[in-house]
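Q: Below is a structure I'd like to ask you about.
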Amino acid sequence: MNAPRKFLLFIPAETQRSRRAIVIAYYLVFIAFAIWLLWLRGPARYARLLPMTYFWASMLGGLSFTGPVRLFSRWQRKFQDGSAWGIDGSRPHPYLAGRPLIQPIDRLDEHDIAMRDRAHYLAYSTLRWPAIAAALFAPLILMDSSPERVAHILFLISVPVAALFFSLPQAIILWTEPDVEPDPQESSPQTAVHTVS
Amino acid sequence: MSNGGSSTNGSVPLYNRIAVLRAERGLSRQDLADALDVNYQTIGFLERGDYNPSLTLAFALSRYFGLPIEAIFSPEPFRPLSEQVYGHGRSSSGESQ
């Protein structure tokens, strides 16, 4: 039986190469989004940015409770109601579908948790330096600015930084997750990608 | 048998016989993962020595295979089973007879 191909952001995610392509595509669009912010003005447009930031950050699964991007998991078959964990292009997110979320954190085994923690450590230990630098230098830059300009610059900084804080751990997992070699004992071939959280 | 490479949880390399024990019993990674309630990919990481299990998981593996933990995991590379059973490797078997 041929399992359906799985996609993340409309890109097939079976191999490490394609997963890395997803990360590159994601951050290219991210840079375009950050540049677009430069032209943004007015409170109404700023307000629209907040749900957009949430949407942007959750594209790689960064806002889900499960944390890691589980590309190879078969655990969704244990969900009796058929709910899945994330946005993988073919299954509705459990929140959006109105289905009960069945303690997804319990679905991570110890290796998943170790991988999640390592990715978050790597991401946040990298991001802390630009974040600290921005916090220290922002007052110097904004000292003589008008309130409107201050608000604009703070939005310019905070929205991409928020999205980056949410997405980077997931991007690290996507980037580093190796391909699974075929199991000789497996009678039917393993399907590479099953769920993305 | 794992090559005991650097593990993703940053601890010292640990060698194991999970792949051999699984093959002996004709189990797939998914079968073993279901029995231990872990992800099947985790079994692959264990077999390659990319991940060192917790004591809980090590004891679960020990119980499942009915073997002591030191028969499954070792800080030193395992000798080949043939060498352990017959006392010598293939090259020296002629000398021992």
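Values in this text are rule-based calculations from the coordinates and carry no lab data. This structure is a prediction, so every number in the text was calculated from the model and none was measured. Backbone-built Cβ (ideal geometry, glycine too); neighbour counts: all protein chains shown.
Q: Which net charge results for the neighbourhood of residue A:25, defined as the other residues with beta-carbon distances under 15 angstrom from its beta-carbon, given Lys and Arg at +1 and Asp and Glu at -1?
A: Residues close to residue A:25 contribute a combined charge of +3.
Q: I need the peptides A:135-146, A:171-182 ranked by packing, meaning the mean over residues of other C-beta atoms within 10 angstrom, with the highest value on top.
A: Highest-to-lowest ranking by the protection proxy: A:171-182, A:135-146.
Q: Right, next: Let me know the mean shielding of A:179-185 by other chains, meaning the per-residue number of their Cβ atoms within 10 Å of its Cβ. Before the final figure, lay out each step's value.
A: On the way: counts 0, 5, 3, 0, 13, 5, 11.
So the per-residue partner count for this stretch is 5.
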